[in-house]
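Since every read-out is calculated from the coordinates, none of them should be taken as a lab result. Every value quoted in this text rests on a predicted model; they were computed, and no experiment measured them. Glycine gets a Cβ as well: all are built from the backbone with ideal geometry, and neighbour counts include every protein chain shown.
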Amino acid sequence: MLEKTYEPGAVEDRIYDGWLAADAFAAGAGARLGAETFTIVIPPPNVTGSLHIGHALNNTIQDILIRYNRMLKKDVLWQPGMDHAGIATQMIVERQLAERQEPGRRQMGREKFVERVWQWKDESGGAIINQLKRLGASADFSRERFTMGERGEPDDQMVRAVTKVFVELFRRGLIYRAKRLVNWHPGLETAISDLEVENLEIKGHMWHLRYPLADGVTYEFPVAFDEDGKPVEYETRDYIVVATTRPETMLGDTGVAVHPDDERYKGLVGKFVTLPLVGRRIPIVADAYADPSLGSGAVKITPAHDFNDFEVGARNDLQQVNIFTTRAEINDNAPEAYRGLDRFEARKRVLADLEAQDILDHVEDKKIMVPHDEKSKLVVIEPFLTDQWWVKADVLAKPAMASVRAGRMKFVPQQYENLFFAWMENIKPWCVSRQLWWGHRIPAWYGPDGEAFVEETEVAAMAAAEARYRKPVELRRDEDVLDTWFSSGLWPFSTLGWPEDTPELRRYYPTDVLVTGFDIIFFWVARMMMMGLEFMDEEPFHTVYMHALVRDEKGQKMSKTKGNVIDPLQLIEEYGADATRFTLAAMAAQGRDLRLSINRVEGYRNFVTKLWNAARFLEMNECRRVAGYDPRTNKLPLNRWIVGATARALAAVTSGIEEFRFNEAANSAYDFVWGTFCDWYVEFSKPVLNGADEAARAETQATAAYVLDHILKMLHPFMPFVTEELWGETGKAGPVRESQLILAEWPQMQGLEDPQADGELTWLMELISTVRSVKTEMNVPAGAKLPLVVVGASTETMRRLVESTSLITRLARLEAITPMASVPPGSAQFVVGEATWALPLGGVIDIDVEKTRLAKEIDKLDGEIAGIDRKLANEQFVAKAPEEVIEEQRSRREAAVSRRGKIAEAIARLN
């Protein structure tokens, strides 16, 4: 006997352990012989990570696809694993050493420090995998992979894959070493990726500086203009004004740029200025980067400390002068007075000296965007000129773009193609080296003259060096490690055993669908495409489903600062994994951010309870599965109708999953289970189950059990725990279950719809629903039983009435149903089918008072709609208001218009 209430906490661990014991997650589990494959690789979460709401959405969607395709009896593999998260992991372990007052990594040495990181990984890392299991993730955890392999041993397959790719790309001329600008983290002393940089708006300053012209040069600068904008007054200047938000970087200036068409400066192109405080002669160059409409139109150029300036410098052959150390202190390339100063201390000193020498023209308060370390939000990131290893991403990008254009790889929603192409067509060289100790060591060894020998092993490097120098020489291993995105770019094939030609690689590559967030389309998706096409000659997946962000109920991005973060683990603890998963699926509309509220989760917890109670009702009424039951033999319209409705719902759920419209699939299931099955079929079945007609009761019992089985199957991908529990419990009666629900077959119900039965039951539901709705609109007291009058009913309608009168009167709370020649006065009337129906309201409500009340409500709604329309028509409001505020206004208007329509219908009924 089912428990009175369903307790997720008492069930979920047991169910999950049962799946593991049955090896239900293993690759190919439950597949039919010769089945096609369906493969997903998990976006590997960081080994340092903890499950957040974005992970929960991402993995819920993956699990829906995996469970659905497993039930289609395909050979399914969901490949799990983790990323070693180079920077984050190293930071955690270094912080741990500091907290314990142990020697730091430099005192400890590389080998011992890396061993300490592995120790941390074994003890504390990877907690997120267990958290994914709490969500119900059915990945093949026996195949779990780690981007660093096992202990980072050189002969580990994952390590060999990364090493081989680097060496091969080098030999193909696609990897090279060069001095270029990178995002530099002065605290960690390493290059970082764009994804690890967050631009924050702060209150800053723009300092305008006078750079004196060299060699006694002067020019006429316009200072007054007529109505047509033509200069009428000039000022003789022996300086040119430039502006900067980072005055300390002027110590590394090597040029001043003006626009080629800027008439003010045409005579100065090719001349020089004397760099203040430094004394270096630097040229004035013509370059389109300088915008005549901004500031003075002249721009200081610091190629070693600004990404745009680096490009200007390259175009104009300007010197590159790096004035920072790796810790962002002033180095020996700057004047002695500033050497050793921290960059911000140097800024104060430079500004004081500029002011003392009358170089500071004026200061402008200005909000500026400053790059910060994305994790801490504290460390300011510096553009920094340094030797790094680079991948020719522009070459690798071409086949990837061709693949998307040819339709061999598609984005869902398709709009993300535009984002993909916008980035890929303007792709820059990819910096793949990091100045860390935790990561894949770059397979490069340097000879006495600095020549790099890139080989898969040190032995091979020594042999190559000996061949070059014609004698054995001592080699020095490159200290740097690879960017974590490099190793994760190989994920779809490295996890399957590459570079070995494994059976798994032949069977499961290419994978089918990648589920990921749009924010890593460049950093991960594009790089997997590049690497897959380069090394496997085939796209790593044919579809990329890009899910949106999960925001709070007001549409704001979740952040710890705002205090609006929703923890999925707390949701699972309080409401269960099924309610949490179903909420995320039901809100996962393509291209739209999710607005998550606790009320929605509570609502879907109630849905779980509703399903459980319906199953209990069937159990108490002995609705058991019957061997050999065939729904086509049903005689009762009620049972023929529910089977057809189940078939329609199943088709809607199937197409929703197939088309990646997870919200439509979930809502189709919800509407059918709650609205059609629980609210209508269960109620309609009660008289039959309690009646004296044995044949009708037996048919209804068998049909109800049959439909419940199909409900459990269609809900299983979304709500795996409660459905598996009910599958097991309902399987205790009737034919023996062949397997757990997770390995059951997705149902096929084509050809089971019955239009005649649909017509019968649709009419019945419409009539009862309309009566209920009219009574509510008219403020009829809940306990009041009214008579119902029917006018102009056909013979068919009268037949239906005779057969269903007791059911209608019970469910619509009516006194009686009476045919009449005309509608009685003082009635609320409506039409269902060909007949007019009327609820006499005299003596129950005051009709005139009711009309007045409804008219007032319409006036109130008209005012609300007009007010919202004024707001939305206000260009300033629309331009300045946050997107979530505008969306809220539109939603309020939509609700008000809908409500107004219903009230207008009620008034029409009274008239």
Given the pairs K300/K348; K203/K266; K635/K686; K112/K375; K179/K392; K377/K554, which are separated by over 23 angstrom at their Cα positions?
-> K203/K266; K112/K375; K377/K554
What are the ³J(HN,Hα) values, in whole Hz, obtained from phi via the Karplus relation 6.51 cos²θ - 1.76 cosθ + 1.60 with θ = phi - 60°, for each residue of region 741-754 in sequence order, with x given for Gly and Pro?
-> 4, 4, 10, 6, 8, 4, x, 10, 10, 4, x, 9, 7, 10
Once phi is turned into ³J(HN,Hα) by the Karplus curve 6.51 cos²θ - 1.76 cosθ + 1.60 with θ = phi - 60°, what whole-Hz value does each residue of region 862-874 show in order, with x for glycine and proline?
-> 4, x, 5, 5, 5, x, 5, 4, 4, 4, 5, 8, 7
Region 592-609 to region 273-320: how many Å between their Cα centroids?
-> 56
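Among the chymotrypsin sites (Phe, Trp or Tyr not before Pro) in region 181-256, which ones are in a DSSP loop with at most 14 other Cβ atoms within 10 Å of the Cβ? Mind listing them?
Working: sites: W184, W207, Y219, F225, Y234, Y239; in loops: none.
Those that pass, being in a loop and sparsely packed, number zero.
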Straight-line reach check, K860, cutoff 18 Å on alpha carbons, 8 or more apart in-chain or any other chain, hits among lysines -> K851, K871, K902
Nearest 10, in degrees from 0 to 90: the angle of helix 458-469 to the longest Cα principal axis of the chain is 30
To the nearest Å, what is the center-to-center distance of region 19-39 and region 182-207, using C-alpha atoms only?
-> 47
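For a quick protection proxy, order the peptides 5-15, 891-901 by their average other-Cβ count within 10 Å, most packed first. Write down the numbers at each step before the final one.
Working: 5-15: 15.5, 891-901: 14.0.
Descending packing order for the listed peptides: 5-15, 891-901.
To the nearest 500 deg cm²/dmol, what mean residue ellipticity at 222 nm is calculated for the chain from DSSP H runs of n ≥ 4 alone, each contributing -39,500 (n - 2.57), summed and divided by the residues? Before the final figure, lay out each step's value.
Details: 29 runs with 387 residues, N = 911.
That comes out to -13500 deg cm²/dmol.
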Positive minus negative residues near P231 (Lys, Arg vs Asp, Glu; Cβ under 10 Å) = -2
Once the Cα atoms of helix 86-99 and of the chain are each reduced to a long axis, what angle between those two axes, in degrees from 0 to 90 to the nearest 10, is obtained?
-> 80
What angle do you read, to the nearest 10 degrees and between 0 and 90, between the alpha-carbon axis of helix 720-730 and the longest principal axis of the chain?
-> 30
Interchain or sequence-distant (5+) residues whose placed amide H lies within less than 5 Å of the amide H of N564 are S559
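Which translational diffusion coefficient, to the nearest whole µm²/s, is obtained for region 289-359 from the Stokes-Einstein equation, given a Kirkwood hydrodynamic radius over C-alpha pairs, 37 °C and 0.692 mPa s?
This corresponds to a translational diffusion coefficient of 239 µm²/s.
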For region 367-456, state which GluC sites (Glu not before Pro) are in a DSSP loop and have at most 11 other beta carbons lying within 10 Å of their beta carbon.
-> E425
Taking the square root of 5λ for each eigenvalue of the C-alpha gyration tensor of the chain, the equivalent ellipsoid has semi-axes, largest first and in whole angstrom, of 66, 40, 22
With a cut-off of at most 14 other beta carbons within 10 Å, and DSSP calling the residue loop, which trypsin sites (Lys or Arg not before Pro) in region 61-162 qualify? Please list them.
-> R100, R151
The long-range amide H neighbours of R339, using H built 1.01 Å from N in the peptide plane and a cut-off of under 5 Å, are none
Read phi for every residue in region 377-387 and hand back ³J(HN,Hα) as whole Hz from Karplus 6.51 cos²θ - 1.76 cosθ + 1.60, θ = phi - 60°, with x for Gly and Pro.
-> 6, 10, 8, 7, 7, 10, x, 9, 8, 7, 6
What are the residues whose amide H is under 5 Å from the amide H of R408, where those residues sit 5 or more places off or on another chain and H is modelled from the backbone?
-> none
Restricting things to alpha carbons, tell me how big region 594-742 is in terms of Rg and Dmax, in Å.
-> 15.4, 51
For region 94-159 and region 838-859, distance of Cα centres in Å = 71
